[in-house]
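Just below is one structure, and these are the notes that go with it.
Every number here is computed from the coordinates shown, using simple stated rules; none is lab data. Computed from a prediction, not measured in an experiment: that's the story for all the values here. Because the Cβ atoms are built from the backbone with ideal geometry, glycine has one as well, and the counts that use them run over all protein chains shown.
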Amino acid sequence: MHDRPTVDELLRAVELLLDEQLVPSLDGARRYNARVAANVVRIVRRELALEEKQLDAEWRGLDVLLGPMPRPPSLEVMRAALHTRNEALAERIRAGDADAGEWRVLVLAHVRDVVHAKLAVSDPAWLAEG
């Protein structure tokens with residue numbers, strides 16, 4: 001474990017540098033690129049803050065749809081396992097299992113929740129508009 005500054009504090013410093021010092025002093029493509037960079041930093045900060053909670057929620061949702069499995073011991077292993085489980089879900093959807101009935105309702109709710117979580121990282125303002 002590292003002391004201060006934390007990863008979030010370091011990223012926040014870069015974000016402020018870009019937003020408050022560079023963007024106002026630039027024009028044209030450079031200004032645009034600095035704004036994009038500041039937005040990337042904001043996305044990374046949100047992903048770092050929310051990732052574990054979101055991955056765990058997605059895992060629990062897939063447990064409902066595909067049957068329970070033990071949670072992997074690390075985020076790295078969980079990311080890979082989620083990829084595999086999502087492939088299994090996609091196969092069942094392609095096979096028509098989600099065309100009707102209660103499982104369809106569960107799949108739609110799960111997909112809605114996962115998309116909502118992704119938007120909370122990539123563009124939380126969009127969620128506020130909806």
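Is it the case that residue 103 is surrounded by 15 or more Cβ atoms within 10 Å (Cβ to Cβ) and aromatic (Phe, Trp, Tyr)? Here the answer is yes, as residue 103 does meet what is asked.
Just one of the listed residues (47, 58) is within 10 Å of the chain's Cα centre (by Cα) and among the charged types (D, E, K, R), namely 47.
Give the residue that is nearest to residue 82 (Cα to Cα), with candidates limited to residues of the range 1-50 that are of a type in the set (Asp, Glu) and free of Cβ contacts under 8 Å to residues at least 60 places away in the same chain. Out of the qualifying residues, it is 8. Only one entry in 98, 125 is within 17 Å of the chain's Cα centre (by Cα) and either exposed (fewer than 11 other Cβ atoms within 10 Å of the Cβ) or on the phi < 0 side of the Ramachandran plot (or both), namely 125.
The residue that is surrounded by the most Cβ atoms within 10 Å (Cβ to Cβ), counting only those in the range 6-38 that are of a type outside the set (Asp, Glu) and under 19 Å from residue 50 (Cα atoms), is 38. Scanning the range 54-70 for residues that are touching a residue at least 12 places away in the same chain (Cβ under 8 Å) and out of contact with any Leu (no Cβ under 7 Å at 6 or more places or on another chain) yields 54, 56, 57, 61, 69. Of everything listed in (1) free of Cβ contacts under 8 Å to residues at least 12 places away in the same chain; (2) within 30 Å of residue 104 (Cα to Cα); (3) surrounded by 12 or more Cβ atoms within 10 Å (Cβ to Cβ), the single unmet condition for residue 76 is (3).
The combined condition, being farther than 25 Å from residue 112 by Cβ and of a type in the set (A, V, I, L, M, F, W, C), is not fulfilled by residue 50.
Quick one: would you say residue 61 is out of contact with any Phe, Trp or Tyr (no Cβ under 7 Å at 6 or more places or on another chain), loosely packed, with under 10 Cβ neighbours inside 10 Å and among the small types (Gly, Ala, Ser)?
On the way: out of contact with any Phe, Trp or Tyr (no Cβ under 7 Å at 6 or more places or on another chain): yes; loosely packed, with under 10 Cβ neighbours inside 10 Å: no; among the small types (Gly, Ala, Ser): yes.
In short, no.
Of the residues that make up the range 108-120, is at least one among the β-branched types (Val, Ile, Thr) and free of Cβ contacts under 8 Å to residues at least 40 places away in the same chain? Talk me through it step by step, then tell me what you get.
Our first condition is that a residue be among the β-branched types (Val, Ile, Thr); within the range 108-120, this holds for 111, 114-115.
Checking the rest, the ones that are also free of Cβ contacts under 8 Å to residues at least 40 places away in the same chain come to 111, 115.
Yes - at least one qualifying residue is present in the range 108-120.
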